[in-house]
Amino acid sequence: MIGAGAAGMLAAGFAARAGARVLLLEKMKTSGRKLAITGKGRCNLTNTAGIEDFLARFGRNGRFLRQALQDFGPEALRDFFTGLGLETVVERGGRVFPAGGRAPDVVKILRSWLRREKVEVRLANRVHGFEIRNSRIAGVETGNGTLPAGAVILACGGASYPATGSDGDGFRLAADLGHRIIPPRPALVPLIVKNPLSPNPAGLNLRNVGIELLVNRKKVRRLLGELTFNEDGLGGPTILTLSGRAVDALEQHDEVAIRIDLKPALDEQELDRRLQKDLRQRGREEIASILRGLLPRELVPCALIACRIDRRQPGCEITAAERRRLRHWLKNLTFEITASRPLAEAIITAGGVSLKEVNPRTMASRLVDNLFFAGEILDLQADTGGYNLQAAFATGKLAGQSAATFIKS
């Protein structure tokens, strides 16, 4: 077993529970480092979405997960953690968290579980390669010598947050064994804009705004939710969800933009009537003061600069043309996207081991008889909301049980 993250720990524990003798190798000095910081330190374990919705969150590759999720879906995962003494709670959007709200608690309880299942864990033990005999892995080459192996599970993660151990090592190991690697790229990552607002409202978080991803000026997807302004661009849950498609489009040299509807509850006509009413009833006030009824304080000067309106101008003096510009800005605040933050800052990695070369019923390699995969090393990535971590747990369990069965056969 290579990699002591979410997928690797589940794989190791379930392989041991199925009767296999398990050695779990981790190159870092501690296990579960990335798991301990996931979900902003709260650990979004899974989501209560039904299986069809769950699979849809992974796009065209979602069907690969059907077997794993049918065997170990969100409800089964919650029961598993409850059995280990970790209660969970459901929050907005069906997101499931540990009741205590602490990701380190999840890591701690999984470490205890591995000890009870008699899994041997060796930390600070990097894998350099494999000894191959008769198209099978006969040994795992480490800095401390070559270890014999009846079966190997690669659960090394992706290439995001390299300080936690996910530095792309698994891709190299899989490629050395003949597997095709879909080029790794950032997913669930903030986006960089060409035209930031002035003054920059960095740190401002908005809720219940409409977000559209435009590729070559065509709407690709629309979401309603939270958005955060960063120093160089946009972040927050909606942007993270749209970022994978945006990154792919940028790699194809497509024109990419994000359009924000700051008032999604009002259509153009309703918003215009609201503006006219406010300007009429508060006509003697400065426009900057009037707009505080429609916008957060940080966005008021941005709107006035963009719409070329003097902040001291009384509401009663706002012209029809100025009102139209303001209305359009509120409904169509658009940013040209030039890049994403680097892969090292992404929550997950898109790309990885080609799913065509992995059996979805067992997580076994189709190229090497006794090789199995689990977790982020696979070419699977989904929206934010607990989906990716559930996939890691589910593929880990399936890989562990399948590897144990292989060894005993």
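Of the residues screened, Ala391 is not one that is over 27 Å from Glu226 (Cα atoms), in contact with a Phe, Trp or Tyr (Cβ under 8 Å, 6 or more places away or on another chain) and not in a loop (DSSP other than H, G, I, E, B). Just to be sure, is Ile407 assigned to a helix (DSSP H, G or I), of a type in the set (Val, Ile, Thr) and closer than 30 Å to Gly178 by Cα? Yes, satisfied. Residues in the range 194-234 that are surrounded by 20 or more Cβ atoms within 10 Å (Cβ to Cβ) and under 15 Å from Pro342 (Cα atoms): Asn230, Gly233, Leu234. Assess whether Ile305 counts as being out of contact with any Leu (no Cβ under 6 Å at 6 or more places or on another chain), among the aliphatic types (A, V, I, L, M) and surrounded by 14 or more Cβ atoms within 10 Å (Cβ to Cβ). In short, no. Within the range 239-252, residues that are of a type in the set (Val, Ile, Thr) reach partners that are at pLDDT below 95 with beta carbons closer than 6 Å, at six or more positions or on different chains, in the pairs Thr241/Asp383; Thr241/Thr384; Val247/Arg185; Val247/Pro186.
Being free of Cβ contacts under 8 Å to residues at least 24 places away in the same chain and either within 19 Å of Ala15 (Cα to Cα) or not polar (S, T, N, Q) (or both) is the filter; apply it to the range 133-162 and report the residue that is surrounded by the most Cβ atoms within 10 Å (Cβ to Cβ).
Result: Gly139.
The set of residues from the range 65-113 being modelled with pLDDT under 95 and basic (Lys, Arg) comprises just one member, Arg92.
Criterion applied to Val353, Val358, Val300 was being more than 30 Å from Pro162 (Cα to Cα) and of a type in the set (Val, Ile, Thr), and the one residue passing it is Val300. Of the set (1) touching a Pro at 6+ places or on another chain (Cβ under 6 Å); (2) in the same structural domain as Glu357 (by TED's automatic domain parsing); (3) not aromatic (Phe, Trp, Tyr), all apply to Asn230 but (2). Checking the structure you have, find out if any residue of the range 311-326 is buried (at least 17 other Cβ atoms within 10 Å of the Cβ), of a type outside the set (S, T, N, Q) and within 25 Å of Pro237 (Cα to Cα). Among the residues of the range 311-326, not one is buried (at least 17 other Cβ atoms within 10 Å of the Cβ), of a type outside the set (S, T, N, Q) and within 25 Å of Pro237 (Cα to Cα), which makes the answer no.
Can you find a residue in the range 321-333 that is in contact (Cβ under 8 Å) with a residue 40 or more places away in the chain and of a type in the set (S, T, N, Q)? Yes: the range 321-333 contains one or more residues that are in contact (Cβ under 8 Å) with a residue 40 or more places away in the chain and of a type in the set (S, T, N, Q).
Of all the listed residues (Leu380, Leu398), the sole one being crowded, with 22+ Cβ neighbours inside 10 Å and more than 26 Å from Pro237 (Cα to Cα) is Leu398. Identification of strands (runs of 3 or more DSSP E) wholly contained in the range 158-223 with 1 or more residues that are in contact with a Leu (Cβ under 7 Å, 6 or more places away or on another chain), modelled with pLDDT of 95 or more and small (Gly, Ala, Ser) yields 205-215. For the criterion of being among the hydrophobic types (A, V, I, L, M, F, W, C), farther than 30 Å from Ile137 by Cα and within 18 Å of the chain's Cα centre (by Cα), Ile258 fails.
Among residues of the range 389-406 that are over 10 Å from Ile153 (Cβ atoms), those with a beta-carbon under 7 Å from a residue that is crowded, with 24+ Cβ neighbours inside 10 Å and among the charged types (D, E, K, R) at least six positions away or on a different chain give the pairs Ala392/Glu376.
The values are calculated or read from the model by the stated rules, or taken from the named source; none is laboratory data. A quick note: this is a predicted structure, and the numbers were derived from the prediction, not measured. Reconstructed Cβ throughout: ideal geometry from the backbone, glycine too, with neighbour counts over all protein chains shown.
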